[in-house]
Every structure is written in structure tokens, then in C-alpha cells.
Amino acid sequence: MAGKKSIEKWEFGDFQTPFLLAKKVVEVLKRNHNISPDHIIEPTCGKGAFVLAAAEGFQGSQVHGYEINPKYVDDANKEILSKNLGGLSKVKEADFFDTAWENEISSMQGQLLIIGNPPWVTSSELGMLNSKNLPEKTNFQGRKGIEAITGSGNFDISEWMLLQHVSWLSNREGAIAFLCKTSVARKVMRQVRQSKEHKFFGHIYPIDAKAYFDASVEACLFVLTTETGHADCDVYDSLESTTPSHVIGERDGIIVSDVEIYKKWRHLKGQDSAYVWRSGLKHDCSNVMELEEVDGGYINGFGEKVDVEDTYIYPLLKSSDIGNGRVKSYRKVVIVTQKNVGEDTSEIMKFAPKTWDYLIQHEEYLDRRKSTIYKGKPRFSIFGVGQYSFTDWKIAISGLYKNIQFNIIPPMNGKPVIFDDTVNLIPMGSKKEADFIYMLLVSHPAKEFISSLVFLDEKRPVTTKILRELSLKEVAKELGLIEEYNEFVMSSKADNQLDN
Ligand SMILES: C[S@@+](CC[C@H](N)C(=O)[O-])C[C@H]1O[C@@H](n2cnc3c(N)ncnc32)[C@H](O)[C@@H]1O
């Protein structure tokens, strides 16, 4: 179990910034953004790395540090005095959530810089720790106010704090410079864009969070400068870069990861009703539903031998298989209880009695599935299933992997392959069609278009929502292959009519 000290460290997001990193940040602000503030605020300054770096780097500015931990307040003030910076710099003991920031700030005239490294902890983690170190304490369980601000019940405390800083600068000039998770920077940018006056321009500089904080998360220096414009966000390669490598922005109602590349291929955007991306199968019960083939029989996730008919069994490829290109054979099979969402499952009893018995024997796990989607549905229901699940040929891409890698998936062992729900797929009528559509997807225009929408550092970078932004018809036109495209669409329409 974690000790008291490490729990407190977690609760207060207590990871002090190395002085050298704080110094580098100040250099970036001066070199790339010409910042010369009159007043500098470090709202959660800890032992004062940013207070000291800012006092040394922006000589003549007044530096105001605030910190909840009295020991750190002492440490920081001692360091300030020992460096002879006491004339213009001071750290006060203060709880961010109780401080009357409007009063503090109104007495500071001129350009304001808000700098620092807030706690990297989420509200749900604090909930687990039963912590009170949260905004709007009395209202927290109600969460309404916070949800309205952050758009979610669970939020990063740093996101909430950054949005406060944004509001402090709503009617004055200045800048914000914070170390935070890159996902937080993007969420704050989204909020900024939603405000009517796009007053801020964002700048993201990736930092190595593992090296500096031993944290396995994508993190950055996030700078917001007050400039009117698009509310775009420049992305740099590192703290050493002087020019951005690309720009993130909102175009045509979507957040694009590279506005220049998107601009080049935006004519490929469009809904393509002939080829629609789908998600794979959702059952929320892998120990029961996923089986491994061993010595001609099956073993489930509990290590039990399973004797079931082949009727409802299909080869399974998971995101890890697709993402790693392991698509020539399968390691597991899955029980697919329905052909369509909501279909009556009682017929399993008739067509495959051993399978039905197996499901009944494990009903406690299946009936206990938490998601509300299973409520009021036939027993042993699954989701992410439809006619599209049962075509022999498919094109698939993992949603979780940090590469954009499409795969053609043939039938295996005489049956169509089923994917887990983190895989995106399009059903194909034949191998020939799969080869053709694959060629469109891996073409330079399609790849660039998709890459301009994908944020590879997201938990699930490739989603059906993103993939559906690309019209394969437009790609075919771009490549001079529209006739072939139309032929495939016509023949799959004809097949569907024959089937019906
Ligand atoms: C990630 S550390 C960074 C410290 C400092 N900003 C730096 O860059 O080294 C976050 C700091 O926030 C302080 N903190 C946490 N909750 C706070 C609160 N409610 N009010 C003020 N400071 C707080 C912690 O004590 C800790 O020193």
C-alpha cells in the first residue's frame, strides 16, 4: 500500500519542477514570445522553481508566489533571500481555491504573466482519496458547475486552474505559461475557442515528462498569449525550437492536428454512404465470451475447458493483433450470440444447446455486466454487431495504436473474422473490392488527410468518427479511379438487392 507521504504527494500533485526546466521555460517565453511582464503570478509555486527562474529571467518584474504547503513557502522565501531577489519577489501561503484572485490581480498594473506547474491530478483520483483539495468544495458532489466548465464529470484539476487563469486575463493583456498534460492543453484550447472573442493564441512545446517528473504521460509547456485571431495553436518540436512545426486549429467544425495539411486535402472531406466505418464487437465479458483453442478444444478466461458447438464461434482479432500487424492467423475465438443488436437470443438453445448451457452456467458474469446498454435487452446480448460483421472480407485498423495502419482481413477457418470494439472496420464484398479500397486508403492523399485529423497522443487516436470524415469517393476521384469505384458500389448494391 502507498505510504501517507506518497498519497499526499499524489493528492497535492506534488512534483516539483527542476530549476533548470523552469529556467528553460523562461528562456522560451523571452526568445519566442517577447514576453516582458510587469507582474508575474505563480499560483501553486511549491518550492519556487518558477518564482526564482522568473525573478532571475525577468529582472524588474514583481513576482508573486502562492502555495498551500507552509514548509514549501518557507523554503521558497529562504531561497529568494539567499539569491538577493527579496526586493521584488515573495511567496505567500494560500489555498488556490480560497484565494480572492480578483483582489490580488486588480492591484497588479500592466502586463501579467501567470506561470507554473499545477497539480497533475484528476477529480476522480481526488474523489478516491476522499480529498478536499478541489474547486467549489460544497458543490463538488453535485458537479454541475464544474461539468458545465470542463464538459465532464471527471476533469484534471490543472484544466480547471488553467481555465481560471484564462478568465483572469479576459480583459487585460498578458500571457499564461504552464507545464501540463498535452491532453489538458488541448482541452483548454477547445474551451478558449468556444468563447466568443477568440482572444488567445496557443503554443505547445512537448517536454519529456518521464525524464523530468518520472511520469508516463504526454506533457508540454503550454503557452497562451493574448492575441486576436483564430484561437489556433502552434506546435513546436521541443523547448529549443524557434519556429513551430505545425498548427492545430478548428476548421470546418473539426479540430485538426495540422491545419496546413488539412487545407491541402479538405476537398476529400465528406460522408461516403457506400463505405461506412464501424466499431467491432462489444460484449464486456471476455472471460466468458473469448476462448482459446487448445488441443482441439476451447479454454475460457477462467482456465475452464469449454465444450460448445461451432455455430456461434468466430475467429477473433483484437486491437493488439491488428495494431501489430498479426493478421494472418488468430489466437482466440469469440461467441457471437446475435446477428443484429437486440435480436432474440433464445434460439441459441435450439441451434446450439451446448453453447446455451455454457452461457447459462456463466450467467452470473453476463447478467452482471455494468453498462446500461445491456439493460432490458435479450439475455447474453452483445453490441457492435450487424450485417457488416459477417462479410467474409474486411478492412480494419486499430483505434488504440499510434500508427495509421490499415489491414485487409480475409475469412479464417471458413468464417468471417470478428474484431473487438477498439477496432474500426469496413465490410467488403470481395477480396477484389478489399484490395481496391485498401489502395485508396493507403494512397498519399488519404493518408495525409487522415493524419491531419488524428492526434496520436490521444488514448484512442483513430476513431470511426475521424475515419468517417474521409470520402473514399473523393479519394477515388483524386486518383482518377472514379469509374472503378462506381463499379464496386454498383455491384455491392446489386448483391444487397439479391440478398433481400
Ligand atoms: C506539480 S507541483 C509544482 C510546484 C511548482 N509549481 C513547481 O513548478 O515546482 C504542484 C504544487 O501545487 C501545490 N498545491 C496543491 N494544491 C494546492 C492548492 N489548493 N493551493 C495552492 N497550492 C496547491 C502543491 O503543494 C505543489 O507544490
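Candidates in the range 398-420 are the residues that are in contact with a helix residue (DSSP H, G or I) (Cβ under 7 Å, 6 or more places away or on another chain) and among the β-branched types (Val, Ile, Thr); of these, the one that is farthest from ASN287 (Cα to Cα) is ILE404.
The set of residues in the range 427-445 being aliphatic (A, V, I, L, M) and either farther than 26 Å from LEU281 by Cβ or part of a strand (DSSP E or B) (or both) consists of MET428, MET439.
Does any residue of the range 397-405 turn out to be closer than 22 Å to ASN300 by Cα, of a type in the set (Lys, Arg) and surrounded by fewer than 16 Cβ atoms within 10 Å (Cβ to Cβ)? Scanning the range 397-405 turns up no residue that is closer than 22 Å to ASN300 by Cα, of a type in the set (Lys, Arg) and surrounded by fewer than 16 Cβ atoms within 10 Å (Cβ to Cβ). Assigned to a loop (DSSP other than H, G, I, E, B), in contact (Cβ under 8 Å) with a residue 40 or more places away in the chain, hydrophobic (A, V, I, L, M, F, W, C) and within 13 Å of the ligand (Cβ to nearest atom) - does that describe any residue in the range 36-59? Within the range 36-59, one or more residues are assigned to a loop (DSSP other than H, G, I, E, B), in contact (Cβ under 8 Å) with a residue 40 or more places away in the chain, hydrophobic (A, V, I, L, M, F, W, C) and within 13 Å of the ligand (Cβ to nearest atom).
Within the bounds of the range 178-185, is there any residue that is in the same structural domain as GLN16 (by TED's automatic domain parsing), of a type in the set (Ser, Thr, Tyr), surrounded by fewer than 20 Cβ atoms within 10 Å (Cβ to Cβ) and under 19 Å from VAL121 (Cα atoms)? Yes, the conditions are met somewhere in the range 178-185.
If I filter the range 343-361 for residues that are within 30 Å of PRO461 (Cα to Cα), without any contact (Cβ under 8 Å) to a residue 60 or more places away in the chain and among the β-branched types (Val, Ile, Thr), do I get at least one hit? Taking every residue of the range 343-361 in turn, none turns out to be within 30 Å of PRO461 (Cα to Cα), without any contact (Cβ under 8 Å) to a residue 60 or more places away in the chain and among the β-branched types (Val, Ile, Thr). Taken as a whole, the structure places SER381 among residues that are out of contact with any His (no Cβ under 7 Å at 6 or more places or on another chain), closer than 30 Å to ALA434 by Cα, in a loop (DSSP other than H, G, I, E, B) and not aromatic (Phe, Trp, Tyr).
Per-residue answers, yes or no, for (1) buried (at least 19 other Cβ atoms within 10 Å of the Cβ); (2) closer than 27 Å to VAL28 by Cβ:
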{"site": "LEU52", "(1), (2)": "yes, yes"}
{"site": "PHE58", "(1), (2)": "yes, yes"}
{"site": "TYR72", "(1), (2)": "yes, yes"}
{"site": "SER82", "(1), (2)": "no, yes"}
{"site": "VAL91", "(1), (2)": "yes, yes"}
{"site": "GLY110", "(1), (2)": "no, yes"}
{"site": "GLY116", "(1), (2)": "yes, yes"}
{"site": "GLU125", "(1), (2)": "no, no"}
{"site": "ASN130", "(1), (2)": "no, no"}
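Checked against (1) part of a loop (DSSP other than H, G, I, E, B); (2) closer than 23 Å to VAL306 by Cβ, GLY342 passes all but a single condition, namely (2). When SER286 is tested against (1) small (Gly, Ala, Ser); (2) at pLDDT 95 or above; (3) not assigned by TED's automatic domain parsing to the domain that holds LEU366, only condition (3) is not met.
Got a sec? Which of PHE419, PHE449 is under 30 Å from VAL247 (Cα atoms), under 25 Å from the mean Cα position of the chain (by Cα), of a type in the set (Phe, Trp, Tyr) and not in a loop (DSSP other than H, G, I, E, B)? Spell out how you get there, then give the answer.
Numbers: PHE419 fails: under 30 Å from VAL247 (Cα atoms).
The unique qualifying residue is PHE449.
Determine, yes or no, whether SER106 is more than 30 Å from ASN171 (Cβ to Cβ) and either more than 13 Å from the ligand (Cβ to nearest atom) or crowded, with 18+ Cβ neighbours inside 10 Å (or both). The answer is no for SER106.
Can you tell me which residues in the range 3-35 are in a loop (DSSP other than H, G, I, E, B) and touching a residue at least 12 places away in the same chain (Cβ under 8 Å)? Answer for the range 3-35, where residues must be in a loop (DSSP other than H, G, I, E, B) and touching a residue at least 12 places away in the same chain (Cβ under 8 Å): PHE12, GLY13, ASP14, PHE15, GLN16, THR17, PRO18, ILE35.
The values are calculated or read from the model by the stated rules, or taken from the named source; none is laboratory data. What you are looking at is a predicted structure, and each value in this text was computed from that prediction instead of being measured. Heads up, the Cβs are rebuilt from the backbone with ideal geometry, glycines too, and the neighbour counts pull from every protein chain shown.
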